[in-house]
Structures are given as C-alpha cells and as structure tokens.
Amino acid sequence: MIIFGTKGYLYQLAVLTLVCGRCGNPAAHTLRKRVTKFTLFFVPLFPFSTKYTTQCTFCGAEQQTTAAQAEQLRQQAGGGQAAPGHAAGYGAGPATGPQYGQAHGQHNPYQN
Ligand SMILES: [Zn+2]
C-alpha cells in the first residue's frame, strides 16, 4: 500500500505597505509563498505547486500574485532580506533619479 499526499509550507517573504485593493487602506501587507509538496509515506518529495499571495493585515484580504510580481515586491520591500542588490530604487540617490523629480516639461507647473 502506497501512502501519498500533499503537505503545505508557508513562507513569509516580506512585509510591505501597499494600498489594499479591497479596503483601500495603505496598510501593511505580508508577502507569502505557499508551497505544496507531494509526499510519499509522509516524506515530502518535490513541490508541485508554488503560489505567491499578499495579505492585507488591515482587512485580511488575500490576493494572489505571480512569481515575478512577488519577486519585485520583495525587492521593493527593503531590498534587503536575502537579496543582494539593495537600495536600488528607494531614495538611494537624491534628485538624480531618472523618473522622478525632473519631468522634462511635461506637466511642469513652472512653465506656464
Ligand atoms: Zn485591506
């Protein structure tokens, strides 16, 4: 007789502040990775399902994200935990950032 089944693992990857799609609050969200592994005789063998979710800590709404999105969020979250390229986007360089700040004349209120 072969006993097989599944076992779920939950990893918390990061906590980040997002505007919740349900309650609309800029609340802390936990980014989680949920791995389901195939088990044989209660021994986990290989993962057959990996899902990424974010959960709003304010209202508890859970949302699924793709792996790519999750990775992006994790890097945003502080660029720190286990990811080597840290502080890439956030306030690393003052005013020299390409996107923010100097929008060349597009919506510049000082030009009117
Ligand atoms: Zn919410």
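Please treat every number below as a calculation from the coordinates, not as lab data. For clarity, every value in this text was computed on a predicted model and none was experimentally measured. Every residue, glycine among them, receives a Cβ derived from its backbone with ideal geometry; neighbour counts consider all protein chains shown.
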Notebook entry, point to check: Across the Cα atoms of region 1-78, what radius of gyration and what greatest pairwise Cα-Cα distance (Dmax) are found, in Å?
Noted result: 15.1, 52
Item checked: Loop sites in region 10-69: chymotrypsin sites (Phe, Trp or Tyr not before Pro), DSSP, at most 15 other Cβ within 10 Å -> PHE41, PHE42, PHE58
Checklist line | Computed label-point distance, nm, for sites GLU71 and GLN12 using a 7 Å Cα→Cβ extension | finding: 2.4
Item checked: Karplus-derived 3J(HN,Hα), 6.51/-1.76/1.60, for each residue of region 46-57, Hz, glycine and proline x -> 8, x, 10, 8, 10, 10, 10, 9, 10, 10, 6, 7
